[in-house]
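A short worksheet on the structure shown next.
The values are calculated or read from the model by the stated rules, or taken from the named source; none is laboratory data. Just so we're clear, the structure is a prediction, and the values are computed from it rather than from any experiment. Cβ atoms come from the backbone with ideal geometry, glycine included; neighbour counts cover every protein chain shown.
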Amino acid sequence: MSDYVKSSPHFFRIVKISFVALTIALLVLAFFITAPLQGPADISNVPNPSKSAWFLMWTQELVSYSNLMVYSILGLGLVFFFLPWLPISPTADRASWLGKDQKIVNIITIVSPNIA
């Protein structure tokens with residue numbers, strides 16, 4: 001049993017309540033606020049420059065500066081992929097948000113998207 005992380009049911013109640021509240025808020029907002037969509041795609045009238053989806057806009061901006069910037073995006077993805085296996089901090093003793101024993105992982109997670 002030493003392989004398990006100790007946690008409290010109170011912690012997960014807060015997470016569950018927050019999840020439900022956020023889901024309800026998003027559904028209410030989605031009902032009243034329409035999405036800013038453009039018309040149907042028309043191959044004969046392509047906008048210049050063509051834009052990607054809003055959540056991918058940062059990648060398009062980086063690549064517009066230089067084609068080599070795609071490697072920084074791939075590198076950042078690899079860092080996040082291998083972050084749980086990097087030997088830079090001890091294993092967590094208990095579940096917590098931004099725990100003190102995981103300080104290095106927390107700093108990398110918060111700072112690295114702002115670097116790229």
Unmet requirement for SER18, which otherwise passes all of (1) at pLDDT below 80; (2) under 30 Å from ALA95 (Cα atoms): (1)
Inter-residue pairs, beta-carbon under 8 Å, first on the phi < 0 side of the Ramachandran plot and touching a residue at least 12 places away in the same chain (Cβ under 8 Å) and in segment 97-112, second loosely packed, with under 14 Cβ neighbours inside 10 Å and aromatic (Phe, Trp, Tyr), 6+ apart: THR109/PHE80; SER112/PHE80
How many residues does segment 21-40 contain that are modelled with pLDDT under 75 and of a type in the set (A, V, I, L, M)? 1
Output the qualifying pairs, or none if there are none: Cβ atoms under 7 angstrom, residues six or more apart or on different chains, first residue in segment 56-81 and free of Cβ contacts under 8 Å to residues at least 12 places away in the same chain and at positive phi, second residue part of a helix (DSSP H, G or I) and surrounded by fewer than 10 Cβ atoms within 10 Å (Cβ to Cβ). none
Breaking point among (1) surrounded by fewer than 10 Cβ atoms within 10 Å (Cβ to Cβ); (2) of a type in the set (S, T, N, Q); (3) not in a loop (DSSP other than H, G, I, E, B), for SER18: (1)
